[in-house]
Amino acid sequence: MSTSASQGEIVVGLDIGTTKICAVVAEVERGDDITILGVGVVPCRGLRKGIVANIDWTVRSMRDAIDSAQTMAGVEIRTIYAGIGGSHVRSSASDGVAAIAGGEVTRNDVDRVLEGARAIPVDADRQILHVLPREYMVDSQDGIRDPIGMAGVRLGVKVNLVTAATSCVQNVIRCAERCGLSVADVVLQPLASAEAVLSDDEKEIGVAVVDIGGGTTDLLLYVDGGIAHTSVIPVGGNNITSDIAAGLRTPMAEADRLKRLSGCALGRMVADDEEIEVPGVGGHAPRKTARRVLSDIIEPRVEEMFAAVRKRIEDTGMLEQLSAGVVLTGGAVLLQGMAEFAEEILGMPVRIGMPTAVKGITQLVHGPEFATGVGLVKYGARAIGAEALQPGTAASAPPPPRTRTPSQADVSDPQRSGFWEWIKAAF
C-alpha cells in the first residue's frame with residue numbers, strides 16, 4: 001500500500017463514538033474536491049457517554065476500523081483527524097480587540113485578535129479546543145464575516161470558546177498513538193457533523209444541529225452564519241436500548257436489534273395488529289408481543305431527549321433566530337418517526353441530515369451515522385487549504401511534479417556534474 005493516492009492528498013477522519021468507531025478515508029484535490037476512498041466501521045465498547053473508559057478496548061476497535069478503511073482505500077494511514085465529544089465539553093463566549101497594523105486588516109491582525117480572545121483564565125484540568133468566531137468588528141462596523149482587506153484602525157471579534165477536559169483529549173490521542181497514528185487535530189464532533197450536513201443558507205438564517213449518538217446528544221446552533229452555541233446533553237440512543245431491555249426483559253444486544261428493526265418513536269404510526277418476536281433472557285423461550293408495546297417504551301425516552309434539547313435552546317434565547325429549523329444527525333435518528341416527533345416537540349421544521357458535497361464511494365457514507373466521519377475529513381481538507389494559503393510556508397509552494405527528479409547523488413557528484421558541463425559546452 002502507498003502512503004498517498006496517485007493525486008491529491010489523503011485525509012482521514014476518525015469518529016470515536018460510544019457505540020462505534022468509524023474511519024473515513026478521502027482524497028482531497030485542489031478545488032476542495034473530496035473523494036471517498038474507503039470506510040471502516042467497527043463496534044466499540046471502550047467508551048462511556050463519549051469518554052474513553054477502557055484504553056485497551058478502544059485501541060482494539062480503533063485499530064480494526066483503521067485496518068478495514070486502509071484495506072478498502074489501498075493507502076497506508078498515518079495521520080488522522082479525531083473527533084471528540086462527551087459531557088465534559090463546554091462552551092463560553094469571549095471577545096478580543098487588536099490594533100490594525102498598516103491601516104488594512106491582514107491575516108496577522110486576525111490571528112492576533114483571535115489570540116487575544118482566547119486569553120481568558122481556564123481551569124488547570126481543561127484546555128481550549130476551538131476558538132469559533134461569531135462576527136468581526138472593524139472600527140464601528142459590526143457583523144463582518146471576513147475582515148481581511150478592510151480598512152480601519154481597530155479590529156474586534158466575538159467568539160465562542162470550546163473547552164474540554166485535558167485528560168479526555170489526551171486519552172484519545174494516547175489511543176491513536178498506540179495504534180501507530182499521529183493526530184493532526186482533535187475536533188469537536190458536532191462541529192464536524194455540521195460541516196458535513198449543513199448548507200451555507202441554513203447557517204445564514206439560523207439552524208440547530210442535533211447529533212444523537214449512542215451516549216450523548218450534541219447541540220450546535222448557527223446564527224447569522226456563525227456558531228453561537230454548543231453543548232452536550234448526556235443522553236443518547238443507548239438509553240433507549242436500556243429501556244427496551246428492561247421493559248421487554250431481553251438481552252441488550254437483542255434490545256438494540258429490536259430498536260433498529262422494529263422500533264418507532266411515535267406510537268400512533270404503529271398498527272394495532274403488528275407483532276414482534278422478543279428473545280428471552282437466561283434460557284427463556286422467545287415470545288410474541290405487540291409492536292405497540294415496543295413503541296410505548298421508546299416514545300417517552302425520545303420525548304425526554306427532545307424536551308431537553310428544546311430547553312437548552314430556550315436557555316440560550318436563540319429559539320426565534322433558528323429560521324431554518326433543526327437538522328438531526330447521528331445513528332440514533334434512523335429510528336422511525338424521529339423527525340416527525342422532533343417537529344412536534346421542538347415546534348420547528350426538522351430534517352434528517354446526510355453528508356453532502358463528496359464524491360467517490362458515496363453509498364458507503366450515505367447516512368446520518370457517517371456525518372461526523374465525513375465532517376472530520378472536510379475539516380481536515382479545510383485545514384490543509386488554510387495552511388497552503390499561509391505565506392512563507394512550504395505548503396504555499398506548488399507541489400513537486402510526480403515524475404522522477406534527480407537524486408542527491410546526481411547533484412552532488414562532481415564527476416557527473418563536470419561531465420554534463422562538458423556536454424553543454426560541446427553542443
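On the basis of being of a type in the set (Lys, Arg) and either assigned to a strand (DSSP E or B) or over 22 Å from residue 192 (Cα atoms) (or both), does residue 63 make the cut? Let's see the steps before the verdict.
Numbers: of a type in the set (Lys, Arg): yes; either assigned to a strand (DSSP E or B) or over 22 Å from residue 192 (Cα atoms) (or both): no.
Against the criterion (of a type in the set (Lys, Arg) and either assigned to a strand (DSSP E or B) or over 22 Å from residue 192 (Cα atoms) (or both)), residue 63 does not qualify.
Between a first residue in region 190-210 that is closer than 18 Å to residue 319 by Cβ and a second residue that is of a type in the set (Lys, Arg) and assigned to a helix (DSSP H, G or I), which pairs have beta carbons less than 7 Å apart while being 6 or more apart in sequence or on different chains?
Listed pairs, sorted by first residue: none to list.
Restricting to region 228-268, give me the number of residues that are open to solvent by less than 30 Å² (accessible area, probe 1.4 Å), within 30 Å of residue 88 (Cα to Cα) and among the hydrophobic types (A, V, I, L, M, F, W, C).
So the answer is 9.
Return a yes/no flag: does region 270-290 have any residue that is open to solvent by 80 Å² or more (accessible area, probe 1.4 Å), of a type outside the set (Lys, Arg), closer than 13 Å to residue 241 by Cα and not in a loop (DSSP other than H, G, I, E, B).
For region 270-290, residues open to solvent by 80 Å² or more (accessible area, probe 1.4 Å), of a type outside the set (Lys, Arg), closer than 13 Å to residue 241 by Cα and not in a loop (DSSP other than H, G, I, E, B): absent.
Looking at residue 219, is it more than 18 Å from residue 291 (Cα to Cα), hydrophobic (A, V, I, L, M, F, W, C) and open to solvent by less than 10 Å² (accessible area, probe 1.4 Å)?
It is true that residue 219 is more than 18 Å from residue 291 (Cα to Cα), hydrophobic (A, V, I, L, M, F, W, C) and open to solvent by less than 10 Å² (accessible area, probe 1.4 Å).
How about region 9-56: which of its residues are open to solvent by 20 Å² or more (accessible area, probe 1.4 Å), among the small types (Gly, Ala, Ser) and either modelled with pLDDT under 90 or over 19 Å from residue 164 (Cα atoms) (or both)?
Result: 31, single match.
Which of the numbered conditions does residue 125 fail, given that it passes all the others? Conditions: (1) acidic (Asp, Glu); (2) in contact with a helix residue (DSSP H, G or I) (Cβ under 7 Å, 6 or more places away or on another chain); (3) within 18 Å of residue 14 (Cα to Cα).
(3)
Of all residues in region 312-341, count the ones that are of a type outside the set (Lys, Arg), under 22 Å from the mean Cα position of the chain (by Cα) and open to solvent by less than 80 Å² (accessible area, probe 1.4 Å). Spell out the reasoning first.
So the first thing to find is which residues in region 312-341 are of a type outside the set (Lys, Arg), and the list is 313-341.
If we keep only those that are under 22 Å from the mean Cα position of the chain (by Cα) too, we end up with 313, 322, 324-335, 338-339.
Imposing the further condition that a residue be open to solvent by less than 80 Å² (accessible area, probe 1.4 Å) reduces the set to 313, 322, 324-333, 335, 338-339.
Selection size over region 312-341: 15.
If you take the residues in region 292-304 that are of a type outside the set (Gly, Ala, Ser) and open to solvent by less than 10 Å² (accessible area, probe 1.4 Å), which one is nearest to residue 276 (Cα to Cα)? Give the derivation first.
Going through region 292-304, the residues of a type outside the set (Gly, Ala, Ser) turn out to be 292-294, 296-304.
Keeping just the survivors that are open to solvent by less than 10 Å² (accessible area, probe 1.4 Å) gives 294, 298, 302.
On the way: 294: 9, 298: 15, 302: 21 Å.
Only one residue fits best here, namely 294.
Which count do you get for residues in region 210-257 that are in a loop (DSSP other than H, G, I, E, B) and of a type in the set (D, E, K, R)?
We begin by selecting, within region 210-257, every residue in a loop (DSSP other than H, G, I, E, B); these are 213-216, 224-225, 234-236, 249-251.
From what is left, the residues that are of a type in the set (D, E, K, R) are 224, 249.
The number of residues fulfilling the criteria is 2.
The values are calculated or read from the model by the stated rules, or taken from the named source; none is laboratory data. Fair warning: this is a prediction, and the values are worked out from it, not measured in the lab. When we count neighbours, we look across all protein chains shown, and the Cβ atoms used for this are built from the backbone with ideal geometry, even at glycine. Each accessible area value is taken on the protein alone, full model and side chains, heavy atoms only, with ligands, DNA and RNA left out. Shrake-Rupley method; radii C 1.70, N 1.55, O 1.52, S 1.80 Å.
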